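*Asks:* This is the structure I want to talk about, given as structure tokens.
The values are calculated or read from the model by the stated rules, or taken from the named source; none is laboratory data. Small disclaimer: the values here were computed from a predicted structure and weren't measured. With ideal geometry, Cβ positions are generated from the backbone for all residues, glycine too; neighbour counts draw on all protein chains shown.
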Amino acid sequence: MKFISQLAATLLAVTFTTLQAEERSPLWEAGVGLAGIHFPDYRGARHQQNYLLPMPYFIYRGDKFKINRGGLQGLLYQSARVNLDISLGGAMPVKSDDNVVRRGMPNLDPMFEIGPSLKILLAQARTEKLSLRLPLRAAFATDLTHIHHAGWLFHPQLGLETVIGATRRWKFGVAVGPLYASQNYHDYYYGVAPQYATLTRPSYTGKHGYSGTRLGLSLRWQFQSLQFGAFLRYDNLSGTAFEDSPLLETEHSLMAGFGIVWVFARSKHRVSVTDE
């Protein structure tokens with residue numbers, strides 16, 4: 001459950017992500033919260049999972065090293081319009097016996113993803129920012145006793161973030177873009193080894209290439225020490241490289257979640273923040 005709680009916090013990063021004009025923020029913040037997530041076993045699966053978990057909250061805004069709502073971040077390069085940092089992602093474990101099309105196959109271990117992300121600011125107004133993100137991540141599957149490389153994922157995306165209302169307490173974000181993945185990444189989720197083939201589940205080997213198009217929406221509200229965030233993520237899997245897999249049940253995949261955080265401690269020292 002500890003791994004799931006940490007991964008839930010990472011998946012909910014989008015609920016607390018915003019770009020804003022330069023301001024002074026505490027060097028660090030600490031708090032506690034509650035996170036709820038609803039998601040399919042994997043993109044294209046019909047079986048759903050739900051978690052309601054306590055969520056630790058800690059922010060550190062250092063010059064070269066940061067801990068933010070997306071996890072650990074090492075800033076590799078920064079200028080007025082270009083940032084190069086570390087991108088994180090992940091996926092929950094799957095019990096194959098709970099999933100009709102995977103019964104009799106091995107369980108899917110939790111997965112974490114890490115790699116460089118280039119961010120380019122395309123346009124900026126008083127309350128809006130338009131940017132291009134180019135994250136390339138290596139994926140690793142692990143049950144905490146072993147770990148193996150599970151391929152690569154590339155997710156270019158165009159994002160718009162804006163502040164709503166005069167009080168600036170509401171912040172909204174939208175991002176859209178295609179996904180591309182390596183053969184072994186697709187094979188991890190959609191491949192069927194010959195020994196697990198049945199009359200209704202033929203053997204299948206994943207292919208590299210197009211992995212769908214993703215639309216993400218996020219909303220955040222903050223007032224003093226209380227924060228609320230919610231996100232919605234939709235994946236369209238039509239025409240993907242794995243569309244012939246017997247494990248792909250639907251071309252539409254939806255994930256949703258929310259988080260509530262109470263910040264109980266803040267640093268008195270404040271730093272400039274232009275991108276958080």
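*Asks:* Quick one: in region 16-27, of everything that is in contact with a Lys or Arg (Cβ under 7 Å, 6 or more places away or on another chain) and either under 24 Å from Leu160 (Cα atoms) or not in a loop (DSSP other than H, G, I, E, B) (or both), which residue is modelled with the highest pLDDT?
*Replies:* Pro26
*Asks:* Kindly check whether there is at least one residue in region 107-128 that is modelled with pLDDT under 85 and either touching a Ser or Thr at 6+ places or on another chain (Cβ under 9 Å) or not acidic (Asp, Glu) (or both). Give the derivation first.
*Replies:* To start, the set of residues in region 107-128 that are modelled with pLDDT under 85 comprises 126.
With the extra rule that they be either touching a Ser or Thr at 6+ places or on another chain (Cβ under 9 Å) or not acidic (Asp, Glu) (or both), the set shrinks to 126.
Yes, the conditions are met somewhere in region 107-128.
*Asks:* Considering only region 238-255, I want to know if a residue exists there that is surrounded by fewer than 17 Cβ atoms within 10 Å (Cβ to Cβ) and either of a type in the set (Val, Ile, Thr) or modelled with pLDDT under 95 (or both).
*Replies:* Checked region 238-255: at least one residue is surrounded by fewer than 17 Cβ atoms within 10 Å (Cβ to Cβ) and either of a type in the set (Val, Ile, Thr) or modelled with pLDDT under 95 (or both).
*Asks:* Are any residues in region 88-121 of a type outside the set (A, V, I, L, M, F, W, C) and either in a strand (DSSP E or B) or under 13 Å from the mean Cα position of the chain (by Cα) (or both), and if so, which ones? Give the steps one after another, and end with the answer.
*Replies:* Within region 88-121, the subset of a type outside the set (A, V, I, L, M, F, W, C) is 89-90, 93, 95-99, 102-104, 106-107, 109-110, 113, 115-117, 119.
Listed by number, the residues that qualify are Gly89, Gly90, Glu113, Gly115, Pro116, Ser117, Lys119.
*Asks:* In addition: On the basis of being basic (Lys, Arg), in contact with a strand residue (DSSP E or B) (Cβ under 6 Å, 6 or more places away or on another chain) and modelled with pLDDT under 95, does Arg233 make the cut? It would help to see each step written out before you state the result.
*Replies:* Working: basic (Lys, Arg): yes; in contact with a strand residue (DSSP E or B) (Cβ under 6 Å, 6 or more places away or on another chain): yes; modelled with pLDDT under 95: no.
It is false that Arg233 is basic (Lys, Arg), in contact with a strand residue (DSSP E or B) (Cβ under 6 Å, 6 or more places away or on another chain) and modelled with pLDDT under 95.
*Asks:* Return a yes/no flag: does region 151-167 have any residue that is at positive phi and either in contact with a helix residue (DSSP H, G or I) (Cβ under 7 Å, 6 or more places away or on another chain) or surrounded by 17 or more Cβ atoms within 10 Å (Cβ to Cβ) (or both).
*Replies:* So the first thing to find is which residues in region 151-167 are at positive phi, and the list is 151, 165.
Filter once more, so that each one left must be either in contact with a helix residue (DSSP H, G or I) (Cβ under 7 Å, 6 or more places away or on another chain) or surrounded by 17 or more Cβ atoms within 10 Å (Cβ to Cβ) (or both): 151.
Within region 151-167, one or more residues are at positive phi and either in contact with a helix residue (DSSP H, G or I) (Cβ under 7 Å, 6 or more places away or on another chain) or surrounded by 17 or more Cβ atoms within 10 Å (Cβ to Cβ) (or both).
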